Amino acid sequence: MIQFKNVTKKYHDGTLALKGINLEIKAGELITLIGPSGCGKTTTMKMINRLAEPTSGQILVDGQDISTLNPVELRRNIGYVIQQIGLFPHMRIKENVAIVPKLKKISRDVYEKRVDELLDMVGLDPAQYRDRYPAELSGGQQQRIGVIRALAAEPSIILMDEPFSALDPISREQLQDELVRLQEEVKKTIVFVSHDMDEALKIADRIVLMKEGEVVQFDTPDRIIRRPKNDFVRHFIGGNRLNESEQLTVEDVMITNPVTVFLSRGLAHGAKLMKQHRVNSLLVTDRYRHLKGIVTREMLEERYHQEDLSLQQIMKSDVVSVAVGTMVTEAVEVMKQHGLSNLPVVNENGQLAGLVTNSSLVDALLKQI
């Protein structure tokens, strides 16, 4: 999707900001560029939409050299989210979100429907928020608008330049979770600049760790933690993050109050719970909290219009789970083996004790620092 081929950047004063960068970013993955101040991470990102131009080398998007493209047209097809948000204060939210679709001559009916879909996607009721002005929203809500504005014209690539760093810790964590959830849904190619290793570990599929204009290590969060390339990487990620976590059991990392629903409840109730808690699946239990099955959003949508069905009748009953006391490393292997994003934990009586999720694993790992 995006390729950097021996890209350099030299400023007029002789400063060499980038020293022969080679990167290949796959379609649909979220990449985090991180490193000390002045390492070249923001310059690298800005080259993708030609806000910065390389001194030498090539940058390809879908095999096409972007230096041959009109920079204005290129930018209209790449979403861009910045720290300062950049909403126009005199425009209502729906007008802010629709700016690029209007420039691209998308019909009004289409983009107005798209605005409502995007607002709903990030948990902002369109009827309540579309006609408000930016000053009437909190910082976290404004940044959500900044994110969906970048999605409005359906770009395949989105660039994010430290978008959450100015927010308070709670809003920042919420938006990081929101971004991970959104990415599962929209599967865009996202290049995210950050100065926070915890943030990078939480959100990224792969991390580009840079130093003095060079890529030191380009790898998954897990491999960077387990196999740091050198002392610089080891120091930057904060030492041995994994040593203590390798001794953890699932009780140390699981969510103890996952969203559950009783066997006998109907499909409408299940759909309401999913929307209320913003989840894509429900764990089905009996009155004694024995784990009986799982219902996904897809199962509900497929059978929703059939009357008088209970969740028990549509659920998947052969649920992969692990027992209380299972080591975290073993649970992770089970999740990888079965391609799971979450894993129920049951006690010796088959009762639901909790749920291990990708987010709960990361949160537990970060607490070991």
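Let me know the longest stretch in the chain that avoids all chymotrypsin sites (Phe, Trp or Tyr not before Pro) found in a DSSP loop with at most 16 other C-beta atoms within 10 Å.
12-287
Just going by the charge dipole of the chain, with Lys and Arg at +1 and Asp and Glu at -1 on Cβ, which of Val186, Pro344, Thr326 is farthest out on the positive end?
About the Cα centre, the residue reaching furthest to the positive side is Val186.
Place a +1 charge on the Cβ of each Lys and Arg in the range 2-239 and a -1 charge on the Cβ of each Asp and Glu, then give the dipole magnitude about the Cα centre in debye, rounded to the nearest 20.
In debye, rounded to 20, the range 2-239 gives about 600.
In a Gaussian network model over the chain where Cα atoms closer than 10 Å are linked, find which of Val328, Val81, Val320 has the largest mean-square fluctuation.
Looking only at Val328, Val81, Val320, the largest GNM fluctuation is found for Val320.
Go through Ala166, Ile21, Gly266 and say which Cα lies farthest out towards the positive end of the charge dipole of the chain; charges sit on Cβ, +1 for Lys and Arg, -1 for Asp and Glu.
Of the candidates, Ile21 comes out farthest on the positive side.
Divide by every residue of the chain the summed helix terms, -39500 (n - 2.57) for each DSSP H run of at least 4, and state the resulting mean residue ellipticity at 222 nm, rounded to the nearest 500 deg cm²/dmol.
-10500 deg cm²/dmol
Just need the relative contact order of the range 250-367 here, percent rounded to a whole number, with Cα pairs under 8 Å and 6+ apart.
32
Where does helix 358-367 land angle-wise versus the long Cα axis of the chain, in degrees 0 to 90, nearest 10?
70
Please list, in order along the range 87-103, the HN-Hα scalar couplings obtained from phi with the Karplus expression 6.51 cos²θ - 1.76 cosθ + 1.60 (θ = phi - 60°), rounded to whole Hz, x for Gly and Pro.
6, 7, x, 8, 9, 6, 4, 4, 6, 4, 5, 8, 4, 5, x, 5, 4
Pairs of Cα atoms under 8 Å, at least six residues apart: use those to get the relative contact order of the range 2-239, whole percent.
Answer for the range 2-239 is 28 percent.
What does the extension gain come out to for Leu103 and Asp308, with contour length at 0.36 nm per residue minus their alpha carbon separation?
In short, 69.0 nm is gained.
I'd like the Karplus ³J(HN,Hα) series for the range 134-151: coefficients 6.51, -1.76, 1.60, θ = phi - 60°, whole numbers in Hz, and an x wherever there's a Gly or Pro.
Working through the residues one at a time gives x, 5, 8, 10, 6, x, x, 5, 4, 5, 4, 5, x, 5, 6, 4, 5, 8 Hz.
Along the Cα-to-Cβ line of Ser264, 7 Å from the Cα, sits a label point; which residues in the range 287-320 have backbone N less than 11 Å from it?
Output list for this probe position: 287.
Computed from these coordinates, which is Rg/Rh (Cα atoms, Kirkwood Rh): [x] 1.04; [y] 1.32; [z] 1.00?
[z]
Express in nm, to one decimal, how much length is gained between Gln128 and Lys336 on full extension, taking 0.36 nm for each residue of separation and deducting their alpha carbon distance.
Gain in length upon complete extension: 70.8 nm.
Count charges around Asn22 for me, please; just the other residues with Cβ under 12 Å from its Cβ, Lys/Arg as +1, Asp/Glu as -1.
Here the count lands on 0.
Once both axes come from the Cα atoms, what is the angle between helix 108-121 and the longest principal axis of the chain, in degrees from 0 to 90, rounded to 10?
60
Of the DSSP beta bridges with both residues in the range 2-239, give the percent that are antiparallel, rounding to the nearest 5.
In the range 2-239, approximately 50 percent of DSSP beta bridges are antiparallel ones.
Rounded to the nearest 0.05, what FRET efficiency do Asn230 and Asn358 have when you use their Cβ-Cβ distance and R0 = 35 Å?
About 0.80, to the nearest 0.05.
With a 10 Å Cβ neighbour count serving as the proxy for reagent exposure, in which order, fewest first, do Thr68, Thr189 appear?
In order of increasing Cβ crowding within 10 Å: Thr68, Thr189.
None of the figures in this text is laboratory data; all of them are computed from the coordinates on show. Since we're looking at a predicted model, the values are computed, not measured. So basically every Cβ, Gly included, is an ideal-geometry build from the backbone, and we count neighbours across all protein chains shown.
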